[in-house]
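Beneath this line is the structure, given in structure tokens, with notes to follow.
The values are calculated or read from the model by the stated rules, or taken from the named source; none is laboratory data. On a predicted model such as this, the values are computed, not experimentally measured, just so you know. Cβ: placed from backbone, ideal geometry, glycine included. Neighbour counts: every protein chain shown. These area figures cover heavy atoms from the full protein model, side chains too; ligands, DNA and RNA do not enter into them. Shrake-Rupley method; radii C 1.70, N 1.55, O 1.52, S 1.80 Å.
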Amino acid sequence: MTLRVIFMGSPEFSVTALAALIAAGHQIVCVYSQPPRPAGRGHKETPCPVHAFALDRGLVVRTPASLKDQDVQNEFARLAADVAVVAAYGLILPPAVLAAPRLGCINIHASLLPRWRGAAPIQRAIMAGDREAGVTIMEMDEGLDTGPMLLAESVAIGPQTTTPVLHDALADLGGKLIVTALADLDAGCLVARPQPEDGITYAAKLSRDEGPIDWTLPADELAARVRALNPWPGIWFDHDGRRIKVLAAQAGGGKGATGEVLAGGLTVACGQGSLHVMRVQVAGRSAVDAVDFLRGYELPAGTILS
């Protein structure tokens, strides 16, 4: 059955779900996304990925700065939607908004709840060394990702899995699961389950303060941070007035003083083990493999990186 759907999302992750709903034949009565923001060198007002995608397909888009205003809530209710689908929207939904659609507001969350509630579940799962991630389709309530679960499916996190790879896998999975969930929900054959009380963790929003490398950490933890924090905020070290961003690295067993560059390529001693850096980027330049970087940059063995 075709449903009247309000879609609420902003980043690239959400575009996949919106495309899946359109392909499934649902009527997208309105798209809500974050307002356009300055971007690029010219600081031109730029729509977020969901906004741009929706406009390209002729959909109605609304970008309120808040949903707390009564007029905004009334406008939302007048859409007479069967359901609202929410995927990384970025605004809190007040009770009046949650209650407006006939089937409620359904969230696509990129973790296996209750693990990694919050803003950055993909990156936090990689940083924590989790062996799996996933997508949970849940009914929304007034809490932070606390509502009852409708569907969930997992994907593996391997030792080389990066944030972009996991992001795309979970976006595809979210698009598949939301189509299934809406069909089953409308048919009345989907049973919501409360989230377990055990295993709750929170995925705090990423910060630029997480970018500088702390060489006192274990090498395997730093390698996970490299995989998790690229492309944003990135992870880097400073040397001789230059910022050197680490794009790829793996943990090894070398030993030395904390932060010491070891012999044999760009390998740095850590609190435990060593980090073998494989790809870097100096600010303002193109990314290169570490072996090519060292041909034009002096960073001899014995150098101590702060």
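I'm checking my understanding of the structure. Among residues of the range 248-306 that are assigned to a helix (DSSP H, G or I) and not β-branched (V, I, T), which one is farthest from the chain's Cα centre (by Cα)?
Keep residues of the range 248-306 that are assigned to a helix (DSSP H, G or I), which gives 290-295.
Applying the additional criterion that residues be not β-branched (V, I, T) yields 290, 292-295.
Details: A290: 27, D292: 31, F293: 30, L294: 33, R295: 35 Å.
It comes out as R295.
Just the residues that are under 25 Å from P233 (Cα atoms) and either free of Cβ contacts under 8 Å to residues at least 60 places away in the same chain or not in a loop (DSSP other than H, G, I, E, B) (or both), please, taken from the range 193-207.
Listed by number, the residues that qualify are Y202, A203, S207.
If A287 meets every condition in (1) surrounded by fewer than 17 Cβ atoms within 10 Å (Cβ to Cβ); (2) out of contact with any strand residue (DSSP E or B) (no Cβ under 6 Å at 6 or more places or on another chain); (3) hydrophobic (A, V, I, L, M, F, W, C) apart from one, which number is that one?
All conditions pass for A287, except number (2).
Quick test of your reading of the structure: A119 fulfils all but one of (1) among the small types (G, A, S); (2) touching a Leu at 6+ places or on another chain (Cβ under 8 Å); (3) free of Cβ contacts under 8 Å to residues at least 60 places away in the same chain; (4) open to solvent by 50 Å² or more (accessible area, probe 1.4 Å). Name the failing condition by number.
(3)
For the range 208-236, name all the residues that are among the aromatic types (F, W, Y), closer than 15 Å to T258 by Cα and either in contact with a strand residue (DSSP E or B) (Cβ under 6 Å, 6 or more places away or on another chain) or not in a loop (DSSP other than H, G, I, E, B) (or both).
So in the range 208-236, the residues among the aromatic types (F, W, Y) come out as 215, 232, 236.
From what's left, closer than 15 Å to T258 by Cα: 215.
Result: no residue meets the conditions.
Does A110 satisfy being under 15 Å from V31 (Cβ atoms) and surrounded by 21 or more Cβ atoms within 10 Å (Cβ to Cβ)?
Working: under 15 Å from V31 (Cβ atoms): no; surrounded by 21 or more Cβ atoms within 10 Å (Cβ to Cβ): yes.
Answer is no for this residue.
Output the residues belonging to the range 267-304 that are in contact with a His (Cβ under 9 Å, 6 or more places away or on another chain), under 20 Å from L229 (Cα atoms) and in contact (Cβ under 8 Å) with a residue 24 or more places away in the chain.
V268, A290
Filter the range 239-268 down to the residues that are among the charged types (D, E, K, R) and under 16 Å from A301 (Cα atoms), then identify the one that is least open to solvent (accessible area, probe 1.4 Å). Explain how you work it out, then say what you get.
Taking the range 239-268 as the starting set, the residues that turn out to be among the charged types (D, E, K, R) are 240, 242-243, 245, 255, 260.
Of the ones still in play, those that are also under 16 Å from A301 (Cα atoms) are 240, 255, 260.
Values: D240: 130, K255: 181, E260: 48 Å².
Across the range 239-268, the extreme among qualifying residues is E260.
Would you check which residues across the range 177-192 are in contact with a helix residue (DSSP H, G or I) (Cβ under 7 Å, 6 or more places away or on another chain) and not in a loop (DSSP other than H, G, I, E, B) and list them? Can you show your working first?
First, pick out the residues of the range 177-192 that are in contact with a helix residue (DSSP H, G or I) (Cβ under 7 Å, 6 or more places away or on another chain): 178-179, 190.
I178, V179 - these are the residues of the range 177-192 that are in contact with a helix residue (DSSP H, G or I) (Cβ under 7 Å, 6 or more places away or on another chain) and not in a loop (DSSP other than H, G, I, E, B).
Would you point out which residue out of A169, A219, A203 is surrounded by 16 or more Cβ atoms within 10 Å (Cβ to Cβ) and in contact with a Lys or Arg (Cβ under 7 Å, 6 or more places away or on another chain)? Let's see the steps before the verdict.
Details: A169 fails: in contact with a Lys or Arg (Cβ under 7 Å, 6 or more places away or on another chain); A219 fails: in contact with a Lys or Arg (Cβ under 7 Å, 6 or more places away or on another chain).
Testing whether each residue is surrounded by 16 or more Cβ atoms within 10 Å (Cβ to Cβ) and in contact with a Lys or Arg (Cβ under 7 Å, 6 or more places away or on another chain) leaves just A203.
Looking at the range 1-98, what strands (runs of 3 or more DSSP E) fall wholly within it and have at least 1 residues that are in contact (Cβ under 8 Å) with a residue 40 or more places away in the chain and over 25 Å from the mean Cα position of the chain (by Cα)? Before you say what the answer is, go through the steps one by one.
Values: elements: 4-9, 27-32, 37-39, 44-46, 83-87.
In the range 1-98, the matching strands (runs of 3 or more DSSP E) lie at 4-9, 27-32.
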